[in-house]
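Student: Before I ask anything, let me first share the structure, which is written out below as structure tokens.
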């Protein structure tokens, strides 16, 4: 079974890596789509590169892609570009509801909050303020 898994991964942190490791153990293959969006902190090419390096050391079969559209607005034709896949996974309920509404199977991927880099932006804001 193949999972199509999407997220912003902005910034890539240990929680993302842990989720990918768990998915790689559960599914035959995981296709990871890094969402590119206008409010990004890190360029999509950087996030894709970090994830490619991370999964290269993991057990499982992974492919990393990027997409310029938020999956809550994606069309069936755009999803077909990632075929074959059996189930769509994300930690974003808005995306899951949209994909499920098109008739696809979905799975909520539990977020690993204990491992998330939730204060990364805060740290940069503090450093920016200190450097003024």
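Student: I'm trying to understand the selection: among the residues of the stretch 26-54, which are modelled with pLDDT under 95 and farther than 25 Å from residue 74 by Cα?
Tutor: 53, 54
Student: Would you mind stating whether residue 30 is without any contact (Cβ under 8 Å) to a residue 40 or more places away in the chain, crowded, with 19+ Cβ neighbours inside 10 Å, touching a strand residue (DSSP E or B) at 6+ places or on another chain (Cβ under 6 Å) and part of a strand (DSSP E or B)?
Tutor: yes
Student: Of 24, 15, which residue is outside any loop (DSSP other than H, G, I, E, B), more than 16 Å from residue 82 (Cβ to Cβ) and touching a helix residue (DSSP H, G or I) at 6+ places or on another chain (Cβ under 7 Å)?
Tutor: 15
Student: Just the residues that are within 19 Å of residue 62 (Cβ to Cβ) and surrounded by fewer than 16 Cβ atoms within 10 Å (Cβ to Cβ), please, taken from the stretch 33-46.
Tutor: Once the filter is applied, which keeps residues that are within 19 Å of residue 62 (Cβ to Cβ) and surrounded by fewer than 16 Cβ atoms within 10 Å (Cβ to Cβ), the stretch 33-46 yields only 45.
Student: What number of residues in the stretch 33-58 are outside any helix (DSSP H, G or I) and out of contact with any helix residue (DSSP H, G or I) (no Cβ under 6 Å at 6 or more places or on another chain)? First the steps, then the outcome.
Tutor: Within the stretch 33-58, the subset outside any helix (DSSP H, G or I) is 33-43, 56-58.
Right, trim to out of contact with any helix residue (DSSP H, G or I) (no Cβ under 6 Å at 6 or more places or on another chain) and you get 33, 35, 37-43, 56-57.
Summing the residues that are outside any helix (DSSP H, G or I) and out of contact with any helix residue (DSSP H, G or I) (no Cβ under 6 Å at 6 or more places or on another chain) in the stretch 33-58 gives 11.
Student: Can you go through 129, 116 and tell me which one is surrounded by 14 or more Cβ atoms within 10 Å (Cβ to Cβ) and modelled with pLDDT under 80?
Tutor: From the options 129, 116, the qualifying one is 116.
Student: Next up: Which of the residues spanning the stretch 68-95 are touching a strand residue (DSSP E or B) at 6+ places or on another chain (Cβ under 7 Å), surrounded by 13 or more Cβ atoms within 10 Å (Cβ to Cβ) and either assigned to a loop (DSSP other than H, G, I, E, B) or modelled with pLDDT of 95 or more (or both)?
Tutor: 70, 71, 82, 85, 86, 87, 88, 89, 91
The values are calculated or read from the model by the stated rules, or taken from the named source; none is laboratory data. Everything numeric in this text was worked out from a predicted model, so none of it was measured. So basically every Cβ, Gly included, is an ideal-geometry build from the backbone, and we count neighbours across all protein chains shown.
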